[in-house]
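Please treat every number below as a calculation from the coordinates, not as lab data. In this text, all values refer to a predicted model and were calculated from it rather than measured experimentally. Here the Cβ positions follow ideal geometry from the backbone for every residue, glycine too, while neighbour counts run over all protein chains shown.
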Amino acid sequence: MVAAVIERDGHVLIAQRPPHKLLALKWEFPGGKVEAGEQPEAALVREIREELGCAIVVGQALPRFVHAYATLTIEMIPFRCQLAPGTTEPHPHEHVAVHWVPLSALRTLDLADADWPVVTALGA
């Protein structure tokens, strides 16, 4: 799984999962699955375009890690990102909502468990 930490003016973009999916209504860093033969950075650009309708520039890779949920184990591959110049504002295509939050507020949110190591990597 790839995850985008999209940063702007000291804030990061988070997305709320839909009520009918696993981890219903939890907040997460947007992203998704890496397809066979796809590089993680390319997967992230594709997933953000599909999920949020915008373009990003993928930047620094954050540490990869493995997270085990009760029914699923994932490898998380997070990256710091920026919105691409001239792109549209992110809006939820597959999520319930998206919000820009200050880094300092991340620990107050009901995040998906696999996103907590990303918060730690950000120093938040």
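Starting from 0.36 nm per residue, how many nanometres of slack lie between Ala42 and Val57 once their C-alpha separation is accounted for?
On the way: separation 15, 0.36 × 15 = 5.40 nm, distance 1.03 nm.
Between Ala42 and Val57, full extension yields 4.4 nm more.
7 Å from Cα along Cα→Cβ at both Thr88 and Asp113: what's the point-to-point distance in nm? Computed distance between label sites Thr88 and Asp113 equals 3.6 nm. Summing +1 for each Lys or Arg and -1 for each Asp or Glu, what net charge is found among the other residues whose Cβ lies under 14 Å from the Cβ of Thr73? Neighbour charge sum, excluding Thr73 itself: 0. Sort out for me the Cα centre separation of the stretch 1-42 from the stretch 50-116, rounded to whole Å. One Cα centre to the other: 4 Å. Working ranking of peptides 106-115, 66-75 by packing, defined as the average number of other Cβ atoms within 10 Å per residue, highest first, is 106-115, 66-75. Simple spin-label estimate for Leu22 and Arg64 gives 1.9 nm between the two label positions (7 Å along the Cα-to-Cβ direction from each Cα). Matching the structure-derived semi-axes √(5λ) of the Cα gyration tensor in Å against the labelled list [x] 24, 18, 12; [y] 19, 17, 15; [z] 30, 13, 12 gives the label [y]. Annotation: extensible slack from Lys33 through Leu72 equals 12.7 nm (criterion: 0.36 nm per residue apart, minus Cα-Cα distance).
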